[in-house]
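What follows is one structure encoded as structure tokens, with my remarks underneath.
The values are calculated or read from the model by the stated rules, or taken from the named source; none is laboratory data. As the structure is a prediction and not an experimental result, all values here were calculated from the model. Glycine gets a Cβ as well: all are built from the backbone with ideal geometry, and neighbour counts include every protein chain shown. Each accessible area value is taken on the protein alone, full model and side chains, heavy atoms only, with ligands, DNA and RNA left out. Shrake-Rupley method; radii C 1.70, N 1.55, O 1.52, S 1.80 Å.
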Amino acid sequence: MNDNYTLAEAVRRLESVPEPAQRELRGIMLEILFRKQRAGCSVGHVEDYAALEGAGLIVLIDDPELAMQALGRNELVSRLVSSGVSGFKKNSKLTALAEWCMESDADIAPIVSDVGVAIISPALQRVQRKLYTYLVRKYDTESCYDPDKDAFVEVPSGAAFVATVGTGGSSLKMTFPEDEITALLDLYGCNRCGNK
């Protein structure tokens with residue numbers, strides 16, 4: 001039995017969750033695939049993480065140490081103090097503070113209850129980079145110099161300028177590569193370049 005999603009199935013699942021959750025998945029994938037983190041973390045987006053897990057795109061993991069790292073030192077100290085935890089050095093580095101919390105018998109679960117920690121679903125293993133590219137093309141922009149405006153403008157990431165020269169003159173438009181990812185962007189009405 002093959003449990004790996006095709007790209008079309010992965011995108012179908014992605015498009016079944018709200019846009020904020022899709023953006024969260026992009027962040028998780030960025031952290032894991034390109035920043036080589038062992039998981040993605042987000043503070044205050046637990047409902048987005050739940051939607052992504054329900055769609056089979058991520059797996060939530062219980063990793064209080066990573067959750068504390070996501071909070072940052074000042075926020076972690078504030079939460080520890082407001083929870084009545086004592087005995088730690090407030091000016092410790094974040095890693096030392098997280099280690100102290102893990103070694104102490106302090107109840108950390110309520111302190112990090114609004115922090116989602118997740119890994120990419122194993123079912124995405126074969127298509128995860130293509131799914132990430134889909135998300136980049138759908139949401140990201142990059143600066144590009146426009147000589148007609150003598151200014152930098154924001155254009156969809158991954159797009160290229162294509163010049164068309166004909167008897168009626170010439171035109172320049174943005175287009176994505178003609179591939180499976182662009183076809184899926186077209187299918188779901190998300191192609192910001194409008195290749196068709």
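FRET efficiency for the K93 to A50 pair, using the beta carbon distance and R₀ = 30 Å, is estimated at 0.40.
Within the stretch 144-196, the proportion of Cα pairs with more than 12 Å between them is 69 percent. For the chain, lysine pairs separated by 8 or more sequence positions, or belonging to different chains, with Cα-Cα distances below 21 Å total 7. Assuming charge only on the beta carbon of Lys and Arg (+1) and of Asp and Glu (-1), the dipole of the chain about its Cα centre is about 380 debye to the nearest 20. For the chain, the equivalent ellipsoid derived from the alpha-carbon gyration tensor has semi-axes of 42, 21, 12 Å in decreasing order.
May I ask for the net charge around Q37, where only other residues with Cβ less than 12 Å from the Cβ of Q37 are counted and Lys, Arg are +1 while Asp, Glu are -1?
Numbers: positive: R35, K36, R38; negative: E31, D63.
Charge balance in the 12 Å sphere: +1.
Rounded to the nearest 500, the helix-only mean residue ellipticity at 222 nm of the chain stands at -11000 deg cm²/dmol, with each DSSP H run of n ≥ 4 adding -39,500 (n - 2.57).
Could you calculate the contour length gain from F161 to T6, that is, 0.36 nm times the residue separation minus the distance between their Cα atoms, to one decimal place in nm? Write down the numbers at each step before the final one.
Numbers: separation 155, 0.36 × 155 = 55.80 nm, distance 2.95 nm.
Contour length minus Cα-Cα distance gives 52.8 nm.
Distance between the 7 Å Cα→Cβ label points at Y139 and D62: 2.9 nm. A Cα-only calculation for the stretch 70-163 places Rg and Dmax at 22.2, 66 Å. Modelled spin labels at V153 and R23, positioned 7 Å past Cα toward Cβ, are 2.4 nm from each other.
Ligands, DNA and RNA are left out, and with a 1.4 angstrom probe the accessible area of the stretch 42-196 is 56 Å² per residue.
Sorting 40-49, 160-169 by their mean Cβ neighbour count within 10 Å, with the most densely packed peptide first, gives 40-49, 160-169.
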